[in-house]
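Input: a single structure, listed below in structure tokens.
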Amino acid sequence: MTQAMEGQRPPFPPFTLETAIQKVRMAEDGWNSRDPDKVVLAYTIDTVWRNRHEFPLGREQVREFLQRKWAAEREYRLIKELWAFRDNRIGVRFAYESCDHAGNWTRSYGNENWEFAENGLMHRRLASINDVHITEEQRLFHWPQGRRPDDHPGLSDLGL
């Protein structure tokens with residue numbers, strides 16, 4: 001499928017500081033929606049991923065991955081922060097908190113390397129992630145599920 005048939009997702013590369021920050025927030029908002037059907041539209045049809053020990057290829061495998069992920073990770077809340085950018089690439093650091101079905105809380109820290117097609121869709125997403133078990137009292141992300149409020153502290157503000 002050609003990029004024109006896939007759609008477009010501004011802002012487009014090459015990125016500026018402003019557009020890179022915008023792209024990161026758009027990704028954060030999408031993931032916090034926990035809607036796999038919505039989230040996969042930000043990726044090319046033939047997107048290439050590395051996520052922990054899984055290597056989904058294409059939107060359909062990514063959709064299946066996200067469905068499994070969010071079925072297991074309840075109370076999911078994510079913060080992303082721009083780390084670096086150049087041309088059509090963005091480096092991001094992130095943290096998210098979630099609870100499994102047994103009530104165990106985890107904060108997951110990671111880095112992602114993103115590569116974008118000319119149409120603004122993400123073609124490549126390479127993620128490295130580490131988990132730390134936390135107690136409910138150690139949680140830092142307390143907004144209602146969905147988009148993080150604009151006045152909620154980011155990762156740097158939280159010392160993460």
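Laboratory data are not the source of any read-out in this text; all were calculated from the coordinates shown. Just so it is clear, the structure is predicted and the values come from calculations on it, not from any experiment. Using ideal geometry, Cβ is built from the backbone for each residue, glycine included, and neighbour counts are taken over all protein chains shown.
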Of the residues in segment 92-108, those that are among the small types (Gly, Ala, Ser) and surrounded by 20 or more Cβ atoms within 10 Å (Cβ to Cβ) number 2
When every residue in segment 90-108 that is in contact with a helix residue (DSSP H, G or I) (Cβ under 7 Å, 6 or more places away or on another chain) and assigned to a strand (DSSP E or B) is compared, the one farthest from Asp29 (Cα to Cα) is Trp105
* Has segment 133-148 got at least one residue that is in a strand (DSSP E or B), touching a residue at least 24 places away in the same chain (Cβ under 8 Å), of a type in the set (Lys, Arg) and in contact with a helix residue (DSSP H, G or I) (Cβ under 8 Å, 6 or more places away or on another chain)? -> no
Of those in segment 35-56 that are part of a loop (DSSP other than H, G, I, E, B) and touching a strand residue (DSSP E or B) at 6+ places or on another chain (Cβ under 8 Å), the residue farthest from Asn88 (Cα to Cα) is Arg52
Q) Does Trp49 satisfy being within 27 Å of Pro153 (Cα to Cα) and not basic (Lys, Arg)? A) no
All conditions in (1) of a type in the set (Ser, Thr, Tyr); (2) farther than 16 Å from Gly120 by Cβ; (3) in a helix (DSSP H, G or I) are true of Tyr76 except (3)
Pairs returned, first residue in segment 115-129 that is touching a residue at least 60 places away in the same chain (Cβ under 8 Å) and under 18 Å from Arg93 (Cβ atoms), second residue that is of a type in the set (Lys, Arg) and part of a loop (DSSP other than H, G, I, E, B), beta-carbon separation under 6 angstrom, 6 or more apart or interchain, are Ile129/Arg52
If we ask which residues in segment 107-127 are among the charged types (D, E, K, R) and out of contact with any strand residue (DSSP E or B) (no Cβ under 8 Å at 6 or more places or on another chain), their number turns out to be 1
If you go through Asn32, Asn111, the only one that is out of contact with any helix residue (DSSP H, G or I) (no Cβ under 9 Å at 6 or more places or on another chain) and either buried (at least 17 other Cβ atoms within 10 Å of the Cβ) or not in a strand (DSSP E or B) (or both) is Asn32
Note: among Tyr43, Tyr76, just one is among the aromatic types (Phe, Trp, Tyr) and in contact with a His (Cβ under 8 Å, 6 or more places away or on another chain), namely Tyr43
Within segment 35-79, residues surrounded by 15 or more Cβ atoms within 10 Å (Cβ to Cβ), basic (Lys, Arg) and touching a residue at least 24 places away in the same chain (Cβ under 8 Å) come out as Arg50, Arg63, Arg77
